[in-house]
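Here the structure comes first, spelled out in structure tokens, and everything after it is commentary.
Quick note: the coordinates plus some simple rules give every number you see, no bench work behind them. Keep in mind that this is a model prediction, so the values were computed, not measured. Cβ atoms come from the backbone with ideal geometry, glycine included; neighbour counts cover every protein chain shown.
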Amino acid sequence: MKILYKGLLALVFVIAESALVTIALQIGGSAIGAVPMLLYSSLLGTLVILVVIYLQDRGKELSVLVKDRKGVAILFVAGLFGFGVGTLALTWGTIGTTPSVSAIVYRTYPIMIAIFTPLALKQRVSRRQLFALILGIVGVAIVLSDGGLATVNMAELPYVALVMFSALATAASTLAIRAYNTSTSAYMLLGNLSSLALAILLILFFHMSIALTFSIPVVLSILLIGGIEMGVGTLLFYYCYRTFSTTTAGLGMLAIPFLTVMLSFALLGTPIHSYYFVAAIMLTLGVLVQEGVFKAPEHISSKNATAHAQIYDITSAFLDTNVEAIRRVVRGNGRVLAVKLHNANYGKVRDMLAQSQAEDTGSNIVYTHADDRYVSRDQERFITEIIGREDHETVLIVAGQPDKGEGLLNDIFASLSDSGNVPSAERASR
């Protein structure tokens, strides 16, 4: 399936380049300073994203976003924290520790994501995911205690705290971009511009030197951070998070600390301690106890709604849709929700929808996985995979505002339940 293959290829690329990030920050930050490093990186990132935006649609998506003041404000603030403040904290933290320690601790951001995912995206975090996150906490504790768990390395503690703050900033910005569903490249442009503005303000206020050391390691570090990490690399990063669930995609990248430890030793001669691997293994175990990587996240019903069915969030299947009506939904704060119905029950639902003329109920668009007006063949296969549809089942889909879509789906199931037509497998788990 093309969507899954694209997601996996993007994930592999992100793992490879992300393993070099803390190494590049150590080299560049130590040579020219964290703030100048941010200045040159965000400047390069801005230029790269402008080229990407032009190649994508000649800037049409960006022109639409500019008219949305709320969207611009949300994404500017998210970019400021995720790119600007987060990158500065990660750079300072890495300089004060090592690229290996920084890479391991920074991978706690899935923990931050899992804490806020139910509130931000109304997606459940499974018990297995929570257990995986506990393993991550233990891994960080091993790093802080130099492998002993009984004491804390006080000299490194402030720098580790900076790295954890950077992880929190990354988690918050990740949830913001996934919840708002705007153009990722537009968000990237705002993130780079906000970072550039922050760097300029800090340089002017503190009278910092912006002299650039033209050594090959420093130039390569700026190219990696600005051109890839704050450019195409982060575009692919968010593509992974939109294709897969937030918690699972984050945990899927926990191979990065292993690569960083080895590359830091090879490139910088950073000592390798056995507890690095113990900590990284604890984090990686989180991947192994995950539920299926390709499962759609479960939507959490609102407080005032009665859950008659398990509702899935399948917005990621339609991020690249060519259907304008669906495109408008996923480019705002709308969601695409779905439930599984037995084929026989869908026949009854279809009649119900036709009678009430609910095929297009205002802001909601109602269709099925097999409706070629809205669903391509590749999207149909992707939905079948992530939602676990069987041959005897139909996926009923509602695109629009999540509360309204949820209400419509629950009303349909309530009607079927009252008539005794809903098998227990279709009902929401209590």
Mean Cβ neighbour count within 10 Å, used as a protection proxy, ranking 211-218, 402-409 highest first: 402-409, 211-218
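Give me the mean projected area, in nm² to one decimal, of the convex hull enclosing the Cα positions of the stretch 1-105.
Over all viewing directions, the stretch 1-105 projects a mean Cα-hull area of 8.3 nm².
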How many angstrom lie between the C-alpha centres of the stretch 75-96 and the stretch 23-66? 13
What's the ranking of 158-164, 86-92, 193-199 by average number of surrounding C-beta atoms within 10 Å, highest first? 86-92, 193-199, 158-164
In sequence order, calculated HN-Hα J values of the stretch 274-280 (Karplus, 6.51, -1.76, 1.60; Hz; x Gly/Pro): 4, 6, 4, 6, 4, 5, 5
Convert each backbone phi in the stretch 93-103 into a coupling constant with the Karplus relation 6.51 cos²θ - 1.76 cosθ + 1.60 (shift: θ = phi - 60°), then list the ³J(HN,Hα) values in order as whole Hz, x for Gly and Pro. x, 5, 4, x, 10, 9, x, 5, 4, 4, 5
